[in-house]
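Following: one structure in structure tokens, then a few remarks.
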Amino acid sequence: MATKVDYASSSLGDAALEAAYDNALRLVRDAEPKPEQNLVGGLRHSTGEVVKRFDPCREDSLVGAAYAATPELVLQAVEAARGVKKSWAKTSYGERNAMLRQVAADVGDRLVELAAILSAETGKNRLEAFGEAQEVLDMIEHYCTLMEKNDGYLLQQKSTEAEKNYDLLVPYGVFAVISPFNFPAALAVGMTTGALVTGNTVVLKPSDKTPRSTAFVADIFAAHLPEGVINVVHGGAQVGQWLAGSEVDGIAFTGSAQVGWQLFELKGPRGLQRPVLAEMGGQNPAIVARSADLDAAAAGIVRSAFGLSGQKCSACRRVIVDDAVADELIAKIVRLADGLVVGDPADPRSNLGPVIDDAIATRIDQALELARRDGTVHTGGRMFSLPGNYYRPIVVSDLPRGHRLTREELFAPFLSIIRVSSFDEALEEANAVDYGLSAGVFSNEPGEVEQFLDEIEAGVLYVNRAAGATTGAWPGIQSFCGWKRSGTAGKGGLGIWYLPGFMREQNRTIVVAP
Ligand SMILES: NC(=O)c1ccc[n+]([C@@H]2O[C@H](COP(=O)([O-])OP(=O)(O)OC[C@H]3O[C@@H](n4cnc5c(N)ncnc54)[C@H](O)[C@@H]3O)[C@@H](O)[C@H]2O)c1
Ligand SMILES: N[C@@H](CCC=O)C(=O)O
């Protein structure tokens, strides 16, 4: 691929790539998908109920499917992973890195196909799809590099000729990896690579809304790893519950706070606590001060609020703006939002596609009704001219302070604007939610920027970023730690402290023979 696309890119930058994507999307949509199989100890299982996934842009067209795992199969998958955990932990990180880099190389050879599958299954536009496909590669490379930089997390402590002391991090054993629908390749790969590169084996459960995208990358992992090191069980919430309720030694989860915190409460084998690395949702604010460059602010906010139809954990959900510039900012946001093209990813102009399913659409319809009753709806709403659940970007203001639409995560192209009269008040409102994932500020006052950095309660911060007020974190560049209700681990994916979460500490004092 000639161009490297990330979440801040504004074009694929290559006509040949556009054409290749168009062709791949057509092929993906035209071929009737075979149900994805479960993978247990290297064996494929194709029995049981078939979960079907329809194209969110063309409602009656099947785009993905999978055989849902039974409780017995889930346990077999955990056993298969347990069976090879010693041999996998015994491999050197150099050997593991070599295998994982082969995975990345193979994904790299099939990037266009992956982007097309991602678009077909989620409805995300081509830029978002290529960004995600590229993130898969950068995620694997970043975690392999971290293992090398940290020399496998083994340090010699003060030692003598007679006694050697080592402090090291060792894998827990078997990790359950439970992934969400919105980044079904990048996030499944991120968590899976985190577990594998540190020497754990994995049972991966993709979202039942996106089985094909996750199976695509999982199959490439399986092709390069010893049997049983990666196992895949398909299905919905119930399969996730069976997996999390099994004797796995750790859980890596990305998804809603409602589910993540339930998993956090579960006990591990023999009733003991185990790591639950849960990365969850947000109610992410962008603060706009009166000194801000309002064009940059509007651009960054619109990009972060409506990219992927607001179905990003990092999406900008609240704009908290100084009253002195609020009307001007609202006008700019509305103008940019109205200029976005809503449509099928097959349309190269499309900025945002449909939302993933009827459940989110119902939530949006209810939210809109509430917003019309309690506030001002400036623009946006359902588009009935297209099949599927398409929405024009919704911009709302003047909801009463603390209104639930400004507190809960709707996961939709829905932006609330809140007026304040001081920077202190802006920060107070920004921090008034239970979540703490990403946040942005637009200000040309250094003192305000410093106050924001010191006082905001969130793990991913952006200052004056027109390319994305709250979105666009990238492996090795940003880290992605959810504070408060947004994360359980206190360390996030993408960053430099992520891998130790998959390991525990052991000290080894070895007396050398006299
Ligand atoms: N912080 C992050 O890095 C991040 C990234 C992407 C998405 N998210 C969050 O994910 C959510 C959207 O994804 P989603 O709708 O797929 O989330 P979800 O919580 O509905 O599902 C996530 C995964 O958990 C499984 N699951 C559902 N109920 C379960 C249960 N009771 N036990 C075990 N597994 C269960 C699902 O089948 C899916 O595989 C949003 O809240 C978003 O903010 C967070
Ligand atoms: N890494 C992406 C978000 C992933 C969650 O949905 C971003 O930072 O915008």
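Straight-line cross-link partners of residue 205 among the lysines, defined as a Cα under 24 Å from its Cα and at least 8 positions apart when in the same chain: 34, 52, 85, 86, 124, 267, 312, 491.
Applying a DSSP loop filter and a limit of 15 other Cβ atoms within 10 Å to the GluC sites (Glu not before Pro) in the stretch 209-305 leaves 227, 247. Rounded to the nearest 5, what is the percent of antiparallel bridges among the DSSP beta bridges in the chain? Taking every DSSP beta bridge with both residues in the chain, the antiparallel ones total about 45 percent. On the principal axes of its alpha carbon atoms, the stretch 207-355 extends 59, 39, 26 Å, with the longest extent given first.
Against the main long axis of the alpha-carbon atoms of the chain, helix 186-197 sits at an angle near 20°.
Ordered by the count of other Cβ atoms within 10 Å of each Cβ, fewest first, 456, 230, 394 give 456, 394, 230. The convex hull drawn around the Cα atoms of the stretch 284-474, when projected onto a plane and averaged over every direction, covers 10.0 nm². Pop the C-beta distance of residue 445 and residue 407 into the FRET formula with R0 = 25 Å and round what comes out to the nearest 0.05. In this case the efficiency is close to 0.35. Put simply, when 135-148, 468-481 are sorted by average Cβ atoms within 10 angstrom per residue, most first, you get 468-481, 135-148. Rounded to the nearest 10 degrees, the inclination of helix 323-339 to the longest alpha-carbon principal axis of the chain is 70 degrees. P(r) for the chain, from all Cα pairs and a bin width of 10 Å, is 4, 19, 29, 26, 15, 5, 1, 0, 0 %, short bins first.
Arranged from fewest to most other beta-carbon atoms within 10 Å of their beta carbon, 242, 497, 483 become 497, 483, 242. Between residue 359 and residue 219, the contour length at 0.36 nm per residue exceeds the alpha carbon distance by 47.4 nm. Annotation: the residues 153, 172, 391, sorted from fewest to most other C-beta atoms within 10 Å of their own C-beta, follow the order 153, 172, 391. Taking trypsin sites (Lys or Arg not before Pro) across the stretch 313-364, the ones in a DSSP loop with at most 12 further Cβ atoms lying within 10 angstrom of their Cβ are 349.
Counting other Cβ atoms within 10 Å, which trypsin sites (Lys or Arg not before Pro) in the stretch 130-182 have at most 12 and lie in a DSSP loop? Filter output for the stretch 130-182: 158.
Any read-out appearing in this document is the output of simple, stated calculations on the displayed coordinates, not a laboratory observation. Since the model is a prediction, treat every value here as computed from it, not as a measurement. Note: ideal-geometry Cβ built from the backbone for every residue, glycine included; neighbour counts use all protein chains shown.
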